[in-house]
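Single-structure report; data block below.
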Amino acid sequence: MRYTKKNRRFTYNSQANPIQDIRMKIVVLGAGISGHTAAALLKKKLGRQHEVIVVSPSEYYQWIPSNIWVGVGRMSVEQVRFKLPRVYDRWGIVFKQAKAVSIHPEGDEEIKSGFVSVEYTSEGNKGKKEKVAYDFLVNATGPKLNFEATPGLGPGKNSLSVCSCDHASHTWDELKKAIGLMKQGKKQRFLIGTGHPKATCQGAAFEYALNLAFEFKQRKLSHLADITWISNEYEVGDFGMGGAFIKRGGYITSTKVFTESVLAENNISWIKRAGVIKVEPGLAHYETLDGSSNSVEFDFAMLIPAFAGQGMKGYGKNGEDITSRLFAASGFMLVDADYTPKPFEEWSVSDWPERYQNPSYPNIYATGIAFAPPHSISKPMKSPEGTEIFPSPPRTGMPSGVIGKIVAENISEIIKHGGTNHRHLANMGRMGAACIVSAGYSMTRGLGATMTVSPIVPDWEKYPDWGRDINATVGEIGLAGHWIKIFLHYMFLHKAKGYPFWWLLPE
Amino acid sequence: MSEKRITKANRDEFYPPIPTSGTKFWRSNFLYQMFKFFRLNLKIMRIVVKGHS
């Protein structure tokens, strides 16, 4: 890759020319787990010589995994978030509180390099538009919480959410009201799970269901709580990754057994293979894989919406629409994955990206939830009516951080040493992940389910028996899980705030 | 007074394994859980380090 100062645009050349003598501009869209990780590492590796700009519509960084505890009143909103400008000022990162509207990878008549059109969201600048030029672009916008995909779903309508700290705080307010009614002896029905036939993030909803059960137990109100888990999984314990196998009690058993055991122990009943299609006040309608249409009544519903891309557009040099070269139909960004449609039996880990680089514009990368996966991990399922009911692949937490890290490392190496080589790779078919599912907040009586899988996407060629490394796949429940979750909360906030030795902490 | 929930044999929640009192004890035993805390953290660290190049 060669950078020519004259037109500030990349051209391909077989020669590997370092471009470290030119001041480069790297724009990161989004300041979540992936974007913040990428921006922090880019600045650390590139120093003052190059400019790192972060564009995010919110001035806060939030540690999303702890929103569960906000939703049950165990943490305040301020404990799970902090303001970004102070941290970025210290690091020398330019922060623009704005929303990215469109990407112009070829520039226009005014700006020769690629640029992003942004619209400010900060007080005082609200609505102001700007073109932010870049030499490298990292799209880490995260998902759009697509509540609109399910009529009646979401805060302000007929259900609640814990997907952001504001949502979680509102959910806690509603939970307090439900607890108040239970204290008066009124039985309450809780419906927790996925709010769309193709929603993902089952883990977060599962955590919330377990935390609810724990909170009622602590208040001696369990007998007045009727908790139901509703999910688009074929079997509970699928978690969007096709389930997993773990060693437990002298057997190798599936996460279905583990998850059903945890639900049954907490007196939570479950509805599986269910796609919620509409939510009315106190009533959720769903379709199941066998084609039946049902409904379930509730007093309190926390349902995770479908995720979609942020809806950014792409424009060429002359203003032509090139959105399809940048984004998949879902709105997520196209990267170096194999998007050829294939039957489930032919899926392979090599379908999954490892550089997260856009094939049409190699100086554009997409990290975290923003990249378009080649397909789901769970087997696609359809009801007789044609409704697809199965989880979308999860890309949150650890994979998001790892992808942000390797993209930052590759970009900084290209800038420092030139070439087109991407030395750092992170294929989800080779990368492991740990998921700590809180099952109750207490340092002495709390519980957490620790689940690790390696790799995230099953590799049936390498591991023909179980799809994954059985020695690295764990499912354990205990007080230690809660301690780990608390430890990770403080560790990752320490890291995100850039406190001493933050760079030593893993993703 | 708490109302005991009756689980019916033909329902899904009847079939999964339920932890014994011994399992519940070890789940919250401080020393055993301290050991688990370090062991699980080690497992997670191994996954993180192995997961990307």
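The values are calculated or read from the model by the stated rules, or taken from the named source; none is laboratory data. Values in this document were obtained by computation on a predicted structure and should not be read as measured data. Heads up, the Cβs are rebuilt from the backbone with ideal geometry, glycines too, and the neighbour counts pull from every protein chain shown. Accessible surface is based on the protein model in full, side chains and every heavy atom, while ligands, DNA and RNA are left aside. Shrake-Rupley method; radii C 1.70, N 1.55, O 1.52, S 1.80 Å.
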*What is the residue count in segment A:291-340 for residues that are in a helix (DSSP H, G or I) and open to solvent by 40 Å² or more (accessible area, probe 1.4 Å)?*
2
*Could you say whether any residue in segment A:481-497 is at the interface with chain B (Cβ under 10 Å from one of its Cβ atoms), touching a residue at least 12 places away in the same chain (Cβ under 8 Å), surrounded by 24 or more Cβ atoms within 10 Å (Cβ to Cβ) and not in a strand (DSSP E or B)?*
yes
*Only residues that are more than 30 Å from A:Phe115 (Cβ to Cβ) and buried (at least 24 other Cβ atoms within 10 Å of the Cβ): list them for segment A:364-376, please.*
none
_Anything in segment A:32-63 that is of a type in the set (Gly, Ala, Ser) and crowded, with 24+ Cβ neighbours inside 10 Å? List them, or say none._
A:Gly32, A:Ser34, A:Gly35, A:Ala38, A:Ala39, A:Ala40, A:Ser56
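Please determine whether any residue of segment A:408-420 is facing another protein chain (nearest Cβ under 8 Å) and farther than 28 Å from A:Ala213 by Cβ.
Scanning segment A:408-420 turns up no residue that is facing another protein chain (nearest Cβ under 8 Å) and farther than 28 Å from A:Ala213 by Cβ.
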*Enumerate the pairs (first residue in segment B:27-53 and part of a helix (DSSP H, G or I); second residue anywhere and open to solvent by 80 Å² or more (accessible area, probe 1.4 Å) and modelled with pLDDT of 85 or more) with beta-carbon separation below 6 Å, excluding pairs fewer than 6 apart on the same chain, so at least 6 apart or on different chains.*
B:Tyr32/B:Trp26
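Among the candidates A:Gly446, A:Gly478, A:Gly467, A:Gly401, which residue alone is small (Gly, Ala, Ser) and away from chain B (no Cβ under 14 Å)?
A:Gly467
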*Among A:Gly249, A:Gly282, A:Gly242, which is the only one that is in the same structural domain as A:Gly185 (by TED's automatic domain parsing) and buried (at least 19 other Cβ atoms within 10 Å of the Cβ)?*
A:Gly242
_I'm checking my understanding of the structure. Among residues of segment B:22-53 that are among the small types (Gly, Ala, Ser) and facing chain A (nearest Cβ under 7 Å), which one is most open to solvent (accessible area, probe 1.4 Å)?_
B:Ser53
*Does A:Tyr61 satisfy the condition of being within 22 Å of A:Met398 (Cα to Cα) and aromatic (Phe, Trp, Tyr)?*
yes
*Inside segment A:377-399, can you point out the residues that are more than 14 Å from A:Gln202 (Cα to Cα), open to solvent by less than 20 Å² (accessible area, probe 1.4 Å) and part of a loop (DSSP other than H, G, I, E, B)?*
A:Ser383
*Filtering segment A:250-288 down to residues that are facing chain B (nearest Cβ under 9 Å) and assigned to a loop (DSSP other than H, G, I, E, B), which residue is farthest from A:Lys157 (Cα to Cα)?*
A:Asn267
*Go through the residues of segment A:216-229 one by one and say whether even a single one is out of contact with any helix residue (DSSP H, G or I) (no Cβ under 7 Å at 6 or more places or on another chain), assigned to a helix (DSSP H, G or I) and open to solvent by less than 10 Å² (accessible area, probe 1.4 Å).*
no
*Members of segment A:341-360 that are outside any loop (DSSP other than H, G, I, E, B) and open to solvent by 50 Å² or more (accessible area, probe 1.4 Å)*: A:Phe344, A:Glu345, A:Glu346, A:Ser350
*Provide a single number: the residues in segment A:275-317 that are closer than 21 Å to A:Lys176 by Cα and among the aliphatic types (A, V, I, L, M).*
5
*Checking A:Trp347 against (1) touching a residue at least 24 places away in the same chain (Cβ under 8 Å); (2) in contact with a Leu (Cβ under 9 Å, 6 or more places away or on another chain), which single condition isn't satisfied?*
(2)
